[in-house]
Amino acid sequence: MSKLLLLSNSTNYQENYMQWCKSIIAYFVNGHNENVLFVPFAAVGFSYQEYTDKVNEALSAVGIQVRNLNDFEDKREAISYATAIFVGGGNTFHLLKSLQDLDILNAIQEAVTAGIPYVGWSAGSNIAGPTICTTNDMPIVQPTSFNSLHLIPFQLNPHYTEAVLDNHGGETRKQRLQEYLVANQNSKVICLPEATYLEVEGDSMTYKGSSHGKLLSLNAELSLKDGTPII
């Protein structure tokens, strides 16, 4: 039975790294933190080890230490022995391409489907959907395809906002997602504002957080508040 924690973001404005979510993560993986594997491949501009160290520093207060997947020669074996898998944020295209190049996308999918807890934030949440087509990131590299882990049947849009810049005439985030839905009419998109998340237990999926999100489909819009089940 799949068990997923899909966080919109790691850091709130004027807060320390993972300040808002570290206790949520610790509660979620309680009993599964003996061998937590961290997937750092969304990092661009800083090393995978620096990323791992940053996560460990943030989570040390809640008794969690992660191991850098990049350190393992046999990455499939490392995934198979993990008691939980964390996938960090950064650039979603770089993350997906790295997993494809290493041929471990299906290994993660199989481990999580078998019941290994999965924690993702930002890009790490994006890849839990069927594709990464609703990411906000720039395609700095070209994956083989946009198909991702498909651990849930909905597209995700972390960092969702309806804020509009003054004197800026470009499309809003919502307009861009509506374009996606016109082109992919059977899809649905879960919009996750900052400090919100999805908790998945098997077939049960619940929206949580202090602000309202949205479930968008081609001709409908459902407001999501803390505790809303998603069907």
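Observations on the model:
- Count of residues meeting criterion [in a helix (DSSP H, G or I), touching a Phe, Trp or Tyr at 6+ places or on another chain (Cβ under 6 Å) and over 21 Å from residue 143 (Cβ atoms)] in segment 56-79: 2
- Considering only residues in segment 80-96 that are of a type in the set (S, T, N, Q) and outside any helix (DSSP H, G or I), the one that is nearest to the chain's Cα centre (by Cα) turns out to be 91.
- Checking the stated criteria, residue 25 turns out to be in contact (Cβ under 8 Å) with a residue 24 or more places away in the chain, assigned to a helix (DSSP H, G or I) and crowded, with 21+ Cβ neighbours inside 10 Å.
- In summary, residue 69 fulfils each of the numbered conditions (1) without any contact (Cβ under 8 Å) to a residue 40 or more places away in the chain; (2) more than 19 Å from residue 128 (Cα to Cα) with the single exception of condition (2).
- Of the numbered criteria (1) farther than 21 Å from residue 10 by Cβ; (2) within 22 Å of the chain's Cα centre (by Cα), the one residue 151 fails is (1).
- Verdict on residue 91 being over 24 Å from residue 32 (Cβ atoms) and touching an Asp or Glu at 6+ places or on another chain (Cβ under 7 Å): yes
- The lone exception for residue 123 - which of (1) surrounded by 23 or more Cβ atoms within 10 Å (Cβ to Cβ); (2) touching a helix residue (DSSP H, G or I) at 6+ places or on another chain (Cβ under 9 Å); (3) small (Gly, Ala, Ser); (4) farther than 20 Å from residue 79 by Cβ it fails: (4)
- Among the residues of segment 97-118, the ones that are in contact with a helix residue (DSSP H, G or I) (Cβ under 8 Å, 6 or more places away or on another chain), without any contact (Cβ under 8 Å) to a residue 60 or more places away in the chain and assigned to a helix (DSSP H, G or I) come to 3 in all.
- Tally of residues being within 27 Å of residue 115 (Cα to Cα) and loosely packed, with under 11 Cβ neighbours inside 10 Å across segment 220-231: 3
- Residues in segment 126-145 that are surrounded by 19 or more Cβ atoms within 10 Å (Cβ to Cβ) and small (Gly, Ala, Ser): 128, 129.
- Cβ-Cβ under 6 Å pairs, at least 6 apart or on other chains, segment 32-54 side under 18 Å from residue 116 (Cβ atoms), far side outside any helix (DSSP H, G or I) and hydroxyl-bearing (Ser, Thr, Tyr): 32/83; 34/83; 35/83
For every residue, the table says whether it meets (1) out of contact with any strand residue (DSSP E or B) (no Cβ under 6 Å at 6 or more places or on another chain); (2) surrounded by 14 or more Cβ atoms within 10 Å (Cβ to Cβ).
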| position | (1), (2) |
| --- | --- |
| 61 | yes, no |
| 70 | yes, yes |
| 87 | no, yes |
| 99 | yes, yes |
| 103 | yes, no |
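- From the options 217, 187, 148, residue that is small (Gly, Ala, Ser) and surrounded by fewer than 16 Cβ atoms within 10 Å (Cβ to Cβ): 217
- Scan segment 28-55 for residues that are among the hydroxyl-bearing types (Ser, Thr, Tyr) and assigned to a loop (DSSP other than H, G, I, E, B) and the total you get is 1.
Taken together, the values in this text are just the output of simple stated rules run on the coordinates, not laboratory data. Note that this is a predicted model, so its numbers are computed, not measured. We place every Cβ from the backbone using ideal geometry, glycine too, and count neighbours over all the protein chains shown.
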